[in-house]
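Taken together, the values in this text are just the output of simple stated rules run on the coordinates, not laboratory data. Computed from a prediction, not measured in an experiment: that's the story for all the values here. A quick note on method: Cβ atoms are made from the backbone with ideal geometry, for glycine too, and the neighbour counts reach across all protein chains shown.
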Amino acid sequence: MSKKPNILMICSDQHTARVTGCYGDNIIETPNLDALAAEGCRFDSFYCNNPICVPSRMSFMSGRYSFKCESLGNQSVLDSRYPTLAHIAVRGGYHSVLSGKMHFNGPDQRHGFLERIFGEMSAQALYNGLDRPKRGIRASLGNCSRPDPLYHVGPGSNPVVDYDSGITKRSVSWLDKYAKTKDAPPFFMVTGYLLPHCPYIANPKLFKKYEAKVKAVKLSRNQLDSLHQHHKDYRKYILLDEIPEKNLDRAAIAYYAMVDQMDQNIGKIINTLKKSGLWDNTIIMYFSDHGEMLNYHGRWHKECFYEDSVRVPMIVRHPKMKLPKTSSTVHSLVDLMPTLCELVGVKPPPGIDGVSILPTLKGATPDLSAKSETYTFWATHKPGLSSNRMVRKGPWKLCYYGTYDSYQLFNLEKDPEEHNDLAKSPKHRSILKKLSKLIFSDGWSANIAKEIDERLKSFGHPENMKSFRDMLHDGALKNDPLPIESPDYWKESEKLTTELE
């Protein structure tokens with residue numbers, strides 16, 4: 001085995017930092033993540049760069065803000081000309097391995113990974129070598145932009161749980177085999193979990209464990225009426241006022257149970273590293289692609305700029321470095337690319353965003369002369385609507401909503417729960433003006449989604465999921481799975497489940 005440190009990145013899906021023991025939650029049981037944080041560094045101000053699955057992942061994989069790598073929604077295809085984390089690792093002498101979800105769309109299902117030992121979640125991947133689904137609440141619920149997930153919640157059978165179990169088994173098996181291989185190069189492994197992403201259906205035993213302890217946040221009518229119009233329109237769109245209150249509680253309970261389940265899976269990988277002798281030479285980074293709102297500010301899922309949606313857990317453990325226990329330095333997921341470049345000794349590719357987190361891990365103040373802010377972007381393709389962007393600089397967070405041409409401004413040091421919007425305060429006009437210039441920097445505009453769509457059409461990219469499905473049915477991409485958040489996935493899954501039963 002190599003003396004160079006191995007690198008393991010574990011990426012979960014839709015895990016808000018709030019629901020983690022080491023981030024201050026006294027109810028959730030996450031002993032493995034807590035132990036990892038105790039040995040490493042916990043970042044308290046780490047952000048995703050787009051609060052939705054595919055754009056967030058393509059952004060950190062390429063080291064570019066999502067509008068710069070043309071990733072606007074869950075149907076987006078990452079151009080294979082962009083170098084990814086996997087390409088960088090291989091160039092640095094590492095063997096790159098992907099296990100589980102990375103939400104790659106299109107024919108390129110590796111993007112630089114030399115091995116892919118477990119694929120995207122599809123009907124084929126889900127039941128290939130895994131246990132048959134058990135009876136209970138069925139998880140074929142449609143996508144998370146409509147109210148279906150909140151109508152069907154509670155204990156039951158969830159294919160996401162089975163999928164992640166398969167990822168864990170395959171990852172453990174690969175690590176065991178690697179540990180026994182002589183003269184193997186160091187590995188760069190990315191394990192991508194789908195938990196704790198909705199549907200909000202959990203293992204019955206774990207659901208019962210949290211049933212009496214967890215309730216969803218409740219908002220008064222005055223609080224709901226005071227929301228920004230952007231959030232009011234969101235609530236109307238997913239029909240939140242029609243969801244029974246008990247369902248919100250049960251969804252929150254299930255979410256806690258799924259986080260618990262995910263932590264157990266991570267524990268199995270950590271135990272394998274320790275038993276196989278790899279632990280003392282493996283860097284581990286745990287993070288999520290975005291968060292989960294859990295009814296805070298009257299919202300569920302993600303797709304907004306409140307902290308529960310855009311702030312993600314980030315825990316780093318380095319066996320050869322003494323790390324600070326915590327860091328409040330603002331970083332974001334695009335920083336993974338320059339960080340990996342520094343770790344493996346490869347010059348960063350041109351055009352990437354972000355800065356390395358290694359200076360922060362060494363307890364120093366990173367050189368932010370070229371970049372002292374972090375951005376989050378969310379595009380929408382709905383007719384008549386424009387895109388939105390957020391910038392975080394120091395204690396300040398400014399959110400811009402293109403459809404309404406309006407802002408929200410928060411001082412996170414004084415108002416970490418974001419209850420006091422200062423955008424209309426005369427005392428804060430100067431900071432709003434200063435930050436608004438950053439919002440519209442580097443080529444971004446509220447119409448950026450339309451501009452990119454037109455550019456992609458000229459390149460011949462699939463315009464939407466329908467054309468992507470047509471390519472599949474025509475045989476052009478026979479082995480390419482459909483993304484988990486496509487409603488068509490659930491139809492295929494339900495059909496296959498019926499056949500198996």
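Details
- Couplings 3J(HN,Hα) for region 21-27, derived from phi with the Karplus relation 6.51 cos²θ - 1.76 cosθ + 1.60 (θ = phi - 60°), are x, 6, 9, x, 7, 8, 9 Hz, where x marks Gly and Pro.
- Summary of the geometry: region 10-53 and region 153-220, compared by the centres of their Cα atoms, lie 14 Å apart.
- Estimated translational D of region 6-365 in µm²/s (Stokes, Kirkwood radius over Cα pairs; 37 °C; 0.692 mPa s): 159
- Neighbour cut-off at most 12 other Cβ (10 Å), DSSP loop, trypsin sites (Lys or Arg not before Pro), region 197-251: 213, 218
- Converting phi to 3J(HN,Hα) with the Karplus coefficients 6.51, -1.76 and 1.60 and the offset θ = phi - 60°, region 58-67 yields 5, 5, 6, 5, 9, x, 10, 4, 4, 6 Hz in sequence order, with x at every glycine or proline.
- Packing rank of 329-336, 425-432, 24-31, where each peptide gets the mean count of other beta carbons within 10 Å, highest leading: 329-336, 24-31, 425-432
- Per principal axis, descending, Cα span of region 177-227 in whole Å: 65, 31, 17
- Residue-wise HN-Hα couplings along region 265-280, as the Karplus relation 6.51 cos²θ - 1.76 cosθ + 1.60 with θ = phi - 60° gives them from phi, are 4, 4, x, 5, 5, 4, 4, 5, 4, 6, 5, 8, x, 8, 4, 6 Hz; Gly and Pro carry x.
- Computed over region 1-68, the quotient of the alpha carbon radius of gyration and 2.2 N^0.38 Å is 1.35.
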